[in-house]
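Colleague: Handing you a structure now.
FYI, it's all coordinate maths here, none of it is from the lab. Computed from a prediction, not measured in an experiment: that's the story for all the values here. Please note: Cβ atoms are built from the backbone with ideal geometry, for glycine as well, and neighbour counts cover all protein chains shown.
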Amino acid sequence: MTDPTKPVLPPPILRDASANRHEAALTCPNCRMETKVVVTGAEASFKCSFCHVPVTARIFPRLTIEPPADPLTSAAGGGEATCQFYPGLKAEVICDECGCFMSQKASITWGEKILCMPCLHTLRETKADTNYRASLKIWDNRALALLAFLPFTLFTAPIALFVLFRYRNEPRGWIPRSSFRWWLALFLTGVILLGWITLIAIWITLMAREATD
């Protein structure tokens with residue numbers, strides 16, 4: 001009979017020692033030859049079959065774990081359309097640019113469109129579509145930065161004016177915003193250029209008076 005005053009412990013779990021045993025091909029660090037050994041646990045000790053040097057190797061758990069299944073991959077069955085880039089996968093989407101069939105793994109979602117890599121490269125590099133650029137240059141901010149060099153605005157203000165009109169229709173960033181900075185940069189550029197023109201005109205007038213006296 002069991003004593004009711006003592007807690008009843010669950011039976012011990014017997015683990016199969018062979019579950020952690022597997023065969024692996026390990027490379028000898030001395031002669032670079034592979035030797036097949038039976039690995040048990042986290043370490044493996046063996047003697048190289050070629051140079052007979054004793055080797056102790058540490059086995060990381062991730063090396064013996066099966067990689068998880070990719071949720072974006074779906075094998076194509078008989079009679080199903082296959083991906084143009086991964087022939088073994090089922091075609092699940094269509095490129096909005098060229099119309100090719102492709103799997104989720106090969107597709108790229110850019111905004112509201114689904115594209116393949118060749119089409120995205122063409123839109124970025126060949127067609128230079130502003131909607132698919134990896135980065136944007138905010139030209140009105142650059143024009144304002146050129147006006148910050150006050151002693152050199154005689155040279156930077158004309159450059160800022162050129163930048164403002166040359167890239168006026170370029171997008172002003174990924175986030176839509178008003179054209180306030182563009183008009184501010186244009187106003188400051190006009191004031192600075194008018195100031196320099198006035199100073200140059202006064203200087204020429206004074207030089208002319210000194211020459212006539």
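Colleague: What order do you get for 25-36, 153-164 when each peptide is scored by the mean count of other beta carbon atoms within 10 Å, highest first?
Modeller: Working: 25-36: 13.1, 153-164: 17.5.
Highest to lowest by the protection proxy: 153-164, 25-36.
Colleague: Identify the residues of segment 181-208 with backbone N under 16 Å of a label point that sits 7 angstrom from the Cα of Arg142 along the Cα-to-Cβ direction, or state none.
Modeller: Counting only backbone N, you get 182, 185-186.
Colleague: Moving to a separate point now. At a Cα cut-off below 19 Å, give the lysines reachable from Lys127, other chains included and same-chain residues fewer than 8 away excluded.
Modeller: Filter leaves Lys113, Lys137.
Colleague: How large is the Kirkwood hydrodynamic radius of segment 93-152, counting all unique pairs of alpha carbons, in Å?
Modeller: Values: mean 1/r = 0.0723 Å⁻¹.
Value: 13.8 Å, from the Cα pair sum.
Colleague: Grab the Cα-Cα distance for Thr109 and Asp129, subtract it from 0.36 nm times how many residues apart they are, and report the gain in nm with one decimal.
Modeller: Contour length minus the Cα-Cα distance gives 5.6 nm.
Colleague: Once you put a point 7 Å from the Cα of Arg181 and another 7 Å from the Cα of Cys31, both along the Cβ direction, what distance in nm separates them?
Modeller: 6.8
Colleague: Within the P(r) computed for segment 113-209, what percentage of the Cα pairs occupies the region above 15 Å? All intermediate terms of the calculation are to be shown ahead of the outcome.
Modeller: Values: 3161 of 4656 pairs.
The share of Cα pairs beyond 15 Å in segment 113-209 comes to 68 percent.
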